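> Before I ask anything, let me first share the structure, which is written out below as structure tokens.
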Amino acid sequence: MRICRIATVPFFLYNHLRGQIRAITEAGHEVTLISAAGKEVEWLKAIPGVRFQEIDIPRKISPFRDLVALWKLFLFFRKERFDLIHSTTPKAGMLCAIAGWLAGIPVRLHTFTGQAWAELSGVKRWVARAGDRVTVRLDTRCYADSLSQTEYIVSEGVASEGEIRVLGSGSLAGVDLMRFDPKKWSDKKMEVREELGIPEDMKVITFIGRITRDKGIAELLKAISVLESCVLLLIGPGESRDGSLSSDSGLSDVPNVKYLGYRPEPERYLAITHVFCIPSYREGFGNVVIESAAMGVPSVGTDIPGLRDAILDGKTGVLVPPKDADALAVALKSLLSDEPLRKSMGGAARERAVKEFGAERVSALVLAEYERFWHER
């Protein structure tokens with residue numbers, strides 16, 4: 001098959017989908033990737049059997065740039081005549097659904113990994129939800145990366161139960177269990193601590209993701225400010241175009257916070273992590289949660305669609321209400337101070353990740369979908 005995978009930015013394709021992309025090419029399919037420009041493009045081009053096409057797909061509403069992107073996608077799809085296109089990220093989903101339908105692409109798929117409009121209101125919310133409805137109506141099939149995401153999308157009237165489904169137990173691409181293996185790092189923990197200047201008696205809390213308001217960073221900083229004998233690692237790009245942090249991020253006001261920016265080896269830092277924290281206002285399944293789980297690290301997250309599937313409350317971690325810094329602090333303190341509980345939850349998290357979310361398993365489910373649609377054409 002000639003397959004095209006699309007996202008708004010190359011960061012998403014490289015960090016979340018490169019293992020799945022490799023699995024698709026290794027299965028004998030021809031793969032083309034589409035996204036805007038970015039430093040990850042060269043890394044994506046290095047994947048054997050992959051082509052890359054740069055098309056600027058704006059993340060935010062931008063009528064003129066959106067129309068330009070739509071036109072370029074349509075022309076490219078009509079020229080290439082792919083057998084199947086598969087989009088991820090909201091704007092890419094809507095534009096690819098329209099362009100693919102107009103170009104006559106026989107199989108058009110999209111995976112929802114969180115609803116950008118969940119925290120919006122008024123006209124912006126209506127427009128964003130309408131974009132998702134267009135995606136659902138025009139695509140051959142849509143997926144969500146977790147059951148609670150599916151329920152939320154259906155409850156909001158974006159899709160009916162028959163128009164969206166979850167593959168397996170959820171997750172966009174699963175976790176590389178060979179890479180995220182705590183045994184590989186058992187004798188390197190002190191090296192990582194020394195690199196970061198973290199004393200041996202300090203507990204480590206880690207956040208991985210974009211450093212933005214809707215990731216709950218303000219609440220996380222407030223919670224950390226009342227905890228003792230711990231350090232917070234913030235790993236991931238800021239919201240600015242170059243990935244830096246804004247001057248009003250608030251990081252300088254909280255001691256024991258280390259902002260590391262983007263790091264290509266998150267497992268290196270998860271190896272010294274006691275608790276992973278993801279206090280988002282909105283989220284997809286949260287692949288970083290199962291990466292942490294695979295490293296034997298329990299999570300504290302918010303009780304929202306997506307995360308309530310990635311974290312089993314009371315078993316593999318703790319869920320707290322969103323935007324509640326006090327509850328977040330209590331949950332973090334309870335795990336940091338109770339080593340038997342923390343280790344029990346970490347072990348359960350690792351067991352679940354291995355059983356249900358291995359990348360090979362998830363990729364096989366995606367490939368099976370591709371094959372099914374190919375034979376049903």
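The values are calculated or read from the model by the stated rules, or taken from the named source; none is laboratory data. Model, not experiment: these values are computed from the prediction. No Cβ is skipped: glycine too gets one built from the backbone with ideal geometry, and neighbour counts run over all protein chains shown. Side chains are part of the model used for accessible areas, which takes the heavy atoms of the whole protein and leaves out ligands, DNA and RNA. Shrake-Rupley method; radii C 1.70, N 1.55, O 1.52, S 1.80 Å.
> If I filter region 144-165 down to residues being closer than 19 Å to residue 107 by Cβ and touching a strand residue (DSSP E or B) at 6+ places or on another chain (Cβ under 8 Å), which single residue comes out as most open to solvent (accessible area, probe 1.4 Å)?
Only one residue fits best here, namely 165.
> Are there any pairs with C-beta distances below 6 angstrom linking a residue in region 109-134 that is open to solvent by less than 20 Å² (accessible area, probe 1.4 Å) to a residue that is hydroxyl-bearing (Ser, Thr, Tyr), with the two at least 6 apart or on different chains, and if so which?
If the second residue must be hydroxyl-bearing (Ser, Thr, Tyr), the pairs left are 110/87; 110/135; 111/88; 111/143.
> In region 288-301, how many residues are assigned to a helix (DSSP H, G or I) and surrounded by fewer than 24 Cβ atoms within 10 Å (Cβ to Cβ)?
Step one: filter region 288-301 for residues assigned to a helix (DSSP H, G or I), giving 288-294.
Imposing the further condition that a residue be surrounded by fewer than 24 Cβ atoms within 10 Å (Cβ to Cβ) reduces the set to 291.
Final tally of qualifying residues: 1.
> Identify, from the list 141, 78, the residue that is within 22 Å of residue 363 (Cβ to Cβ) and either of a type in the set (Lys, Arg) or in contact with a Cys (Cβ under 7 Å, 6 or more places away or on another chain) (or both). I'd like the intermediate steps shown before the answer.
Working: 78 fails: within 22 Å of residue 363 (Cβ to Cβ).
Exactly one of 141, 78 is within 22 Å of residue 363 (Cβ to Cβ) and either of a type in the set (Lys, Arg) or in contact with a Cys (Cβ under 7 Å, 6 or more places away or on another chain) (or both), namely 141.
> Here's a follow-up. Can you tell me which residues in region 302-330 are in a helix (DSSP H, G or I) and either surrounded by 23 or more Cβ atoms within 10 Å (Cβ to Cβ) or touching a helix residue (DSSP H, G or I) at 6+ places or on another chain (Cβ under 7 Å) (or both)? Full working, then the answer.
Keep residues of region 302-330 that are in a helix (DSSP H, G or I), which gives 307-310, 325-330.
Correct list: 307, 308, 309, 310, 325, 328, 329.
> Yes or no: residue 321 more than 19 Å from residue 357 (Cα to Cα) and without any contact (Cβ under 8 Å) to a residue 40 or more places away in the chain? Full working, then the answer.
Details: more than 19 Å from residue 357 (Cα to Cα): yes; without any contact (Cβ under 8 Å) to a residue 40 or more places away in the chain: yes.
When the stated conditions are applied, residue 321 passes them.
> Determine which member of the set 59, 51 is among the charged types (D, E, K, R), modelled with pLDDT of 95 or more and surrounded by fewer than 21 Cβ atoms within 10 Å (Cβ to Cβ).
Numbers: 59 fails: modelled with pLDDT of 95 or more.
Going through 59, 51 in turn, just one is among the charged types (D, E, K, R), modelled with pLDDT of 95 or more and surrounded by fewer than 21 Cβ atoms within 10 Å (Cβ to Cβ): 51.
Here is a yes/no grid of residues against (1) closer than 23 Å to residue 15 by Cα; (2) at pLDDT below 95; (3) open to solvent by less than 20 Å² (accessible area, probe 1.4 Å); (4) under 20 Å from the mean Cα position of the chain (by Cα):
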site	(1), (2), (3), (4)
87	yes, no, yes, yes
101	no, no, no, no
137	no, no, no, no
182	yes, no, no, no
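> Could you say whether any residue in region 46-61 is farther than 17 Å from residue 363 by Cα, over 21 Å from the mean Cα position of the chain (by Cα) and charged (D, E, K, R)?
For region 46-61, residues farther than 17 Å from residue 363 by Cα, over 21 Å from the mean Cα position of the chain (by Cα) and charged (D, E, K, R): present.
> A follow-up question, please. If you take just the helices (runs of 4 or more DSSP H) that sit entirely in region 97-206, which of them hold at least 3 residues that are charged (D, E, K, R)?
Per the criteria, 122-138, 189-196.
> Moving to a separate point now. Report yes if residue 141 is touching a residue at least 40 places away in the same chain (Cβ under 8 Å), closer than 25 Å to residue 291 by Cα, of a type outside the set (Val, Ile, Thr) and surrounded by fewer than 20 Cβ atoms within 10 Å (Cβ to Cβ), otherwise no.
Working: touching a residue at least 40 places away in the same chain (Cβ under 8 Å): yes; closer than 25 Å to residue 291 by Cα: no; of a type outside the set (Val, Ile, Thr): yes; surrounded by fewer than 20 Cβ atoms within 10 Å (Cβ to Cβ): yes.
The answer is no for residue 141.
> Report every pair of residues separated by at least 6 positions or lying on different chains whose Cβ atoms are under 6 Å apart, first residue within region 334-359 and aliphatic (A, V, I, L, M), second assigned to a helix (DSSP H, G or I).
Matching pairs, first to second residue: 335/342; 349/293; 353/290; 353/293; 353/294; 359/19.
> Which one of 270, 312 is among the aliphatic types (A, V, I, L, M), over 15 Å from the mean Cα position of the chain (by Cα) and farther than 30 Å from residue 40 by Cα? Walk me through how you get there before you give the answer.
Values: 270 fails: farther than 30 Å from residue 40 by Cα.
312 is the lone residue from the list that is among the aliphatic types (A, V, I, L, M), over 15 Å from the mean Cα position of the chain (by Cα) and farther than 30 Å from residue 40 by Cα.
> Can you tell me which of (1) on the phi < 0 side of the Ramachandran plot; (2) open to solvent by less than 60 Å² (accessible area, probe 1.4 Å) is the one residue 22 doesn't meet?
Of (1) on the phi < 0 side of the Ramachandran plot; (2) open to solvent by less than 60 Å² (accessible area, probe 1.4 Å), only one is false for residue 22: (2).
> Sticking with this one: Take the conditions of a type in the set (Gly, Ala, Ser) and touching a Cys at 6+ places or on another chain (Cβ under 9 Å) and apply them to residue 292. Does it pass?
Working: of a type in the set (Gly, Ala, Ser): yes; touching a Cys at 6+ places or on another chain (Cβ under 9 Å): no.
So residue 292 fails the test.
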